[in-house]
Amino acid sequence: MKNISLDTRRLRYFVAVAEALNFRRAAEVLNISQPPLSQQIQTLEAELGASLFIRHRRSIELTDAGHVLLHRTRSLLALMEATAVEVGMVGRGEMGMLGIGYMSAAMLGRLASILAMFRLKKPKVEVRLKQAQPRDQIDAIASGEIDVGLLSVSTTLKGAVSGKPELALEPLWTEEMVLALPIDHRLANQPYLSFQHFDDETFMTLPRAPLPGAYDQLVHLCHGPDTARTVRIQEVEELPASLALVAAGYGIGLVPVCVMESWSGALMFRRLTERPAIQVSMLSRRDNRSPVLSAFRNAVTHHNRGAQYSADALH
């Protein structure tokens, strides 16, 4: 069997002639002269080793081979056009898949507004969400399982992740930290609270490793140069579990303001005079050149970067 290399332009010429069943009219549609068109069809027939048209004195008609080629060529040209469009969309970040990690359901409120805006700009991008703790997000991003993670970290943290130089943190927005108390706590009715009010308390918080965040805030406030409280710190892997323990009376918690809406019936939230804050950052691989990730990064930049969410509603 000889190798056949079908020329796309020649196939388009064939379709034009097959649909018009007239060389002159087909040449007019293609905006070329008739002799070159006839020559291109003859070359195609020679390449295929089959006659495509029965040529009568005043008309032409398709042969059986011509009918087969017309059917296949229409499908082929449509597929090629769709492929070109799809490849262009992928290259521009308008189509593809984006894997996003997030820490807890409390973060979904902020994330939902970002995704709604992103969907308006890139409706054909498939988004997959994965809830995971910081350690798992770091591993998933490093391995390429997901593209980007949203993590709560210290407000001073940016740049490379310790021990993972291939990963980079980009600050997005800050969340004020508020105090979560059991409803029957002795200070639940106090409108203003400070860490000076707390002694011999157990604080529930997320672990310090692998990234500093709420834990460091708590240690700083409890054991800073101007404060020396006698407190206990209990690390809890997940924020919902920490809040459940607080609601059950096992301690109190320092939490981002985004949790207030979903837990307002089970806990009391109070603003602290110290106004602690935590930063939400975007984590990704430095070498991830995905156009979809770039488009998402731009969307986040224009939507939430530099935003500050406070607990003003508490007062």
Checklist outcome for this item: All conditions in (1) modelled with pLDDT of 85 or more; (2) surrounded by 19 or more Cβ atoms within 10 Å (Cβ to Cβ) are true of residue 121 except (2)
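Residue under question is residue 113, and the condition is that it be in the same structural domain as residue 255 (by TED's automatic domain parsing), surrounded by fewer than 20 Cβ atoms within 10 Å (Cβ to Cβ) and of a type outside the set (Lys, Arg); does it hold? I'd like the intermediate steps shown before the answer.
Values: in the same structural domain as residue 255 (by TED's automatic domain parsing): yes; surrounded by fewer than 20 Cβ atoms within 10 Å (Cβ to Cβ): yes; of a type outside the set (Lys, Arg): yes.
Judged against the criteria, residue 113 is a match.
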Next on the checklist: Please go through (1) modelled with pLDDT under 90; (2) farther than 30 Å from residue 273 by Cα; (3) not in a helix (DSSP H, G or I) for residue 157 and return the number of the only condition it doesn't satisfy.
Outcome noted: (2)
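Within the stretch 107-119, identify whether any single residue is of a type in the set (Ser, Thr, Tyr) and either in contact with a strand residue (DSSP E or B) (Cβ under 7 Å, 6 or more places away or on another chain) or over 19 Å from residue 307 (Cβ atoms) (or both), and answer yes or no.
Just the residues of the stretch 107-119 that are of a type in the set (Ser, Thr, Tyr), to begin with: 113.
Applying the additional criterion that residues be either in contact with a strand residue (DSSP E or B) (Cβ under 7 Å, 6 or more places away or on another chain) or over 19 Å from residue 307 (Cβ atoms) (or both) yields none.
The answer is no, given that none of the residues of the stretch 107-119 is of a type in the set (Ser, Thr, Tyr) and either in contact with a strand residue (DSSP E or B) (Cβ under 7 Å, 6 or more places away or on another chain) or over 19 Å from residue 307 (Cβ atoms) (or both).
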Item to check | Within the stretch 166-189, considering residues that are farther than 20 Å from residue 132 by Cβ and either of a type in the set (Lys, Arg) or exposed (fewer than 14 other Cβ atoms within 10 Å of the Cβ) (or both), the one farthest from the chain's Cα centre (by Cα) | outcome: 186
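Among the residues of the stretch 124-154, how many are part of a strand (DSSP E or B) and modelled with pLDDT of 90 or more?
11
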Item to check | the stretch 222-252, residues that are buried (at least 16 other Cβ atoms within 10 Å of the Cβ) and at pLDDT 90 or above | outcome: 242, 243, 244, 245, 246, 247, 251, 252
Checklist entry - Looking at residue 238, is it in contact with a helix residue (DSSP H, G or I) (Cβ under 7 Å, 6 or more places away or on another chain) and of a type in the set (D, E, K, R)? => result no
Checklist entry - Among the residues of the stretch 151-166, is any more than 15 Å from residue 284 (Cα to Cα), in contact with a Pro (Cβ under 6 Å, 6 or more places away or on another chain) and touching a residue at least 60 places away in the same chain (Cβ under 8 Å)? => result yes
Checklist entry - Of 18, 78, which residue is surrounded by fewer than 16 Cβ atoms within 10 Å (Cβ to Cβ) and not hydroxyl-bearing (Ser, Thr, Tyr)? => result 78
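Of all residues being hydroxyl-bearing (Ser, Thr, Tyr) and crowded, with 19+ Cβ neighbours inside 10 Å in the stretch 256-289, which is modelled with the lowest pLDDT? Just the residue, please. Can you show your working first?
Step one: filter the stretch 256-289 for residues hydroxyl-bearing (Ser, Thr, Tyr), giving 262, 264, 273, 281, 284.
Next, only the ones that are crowded, with 19+ Cβ neighbours inside 10 Å stay: 281, 284.
Numbers: 281: 87, 284: 93.
Here the answer is 281.
The values are calculated or read from the model by the stated rules, or taken from the named source; none is laboratory data. Just so you know, these numbers come straight off a predicted model, no measurement behind them. Every residue, glycine as well, gets a Cβ built from its backbone with ideal geometry; the counts of neighbours run over all protein chains shown.
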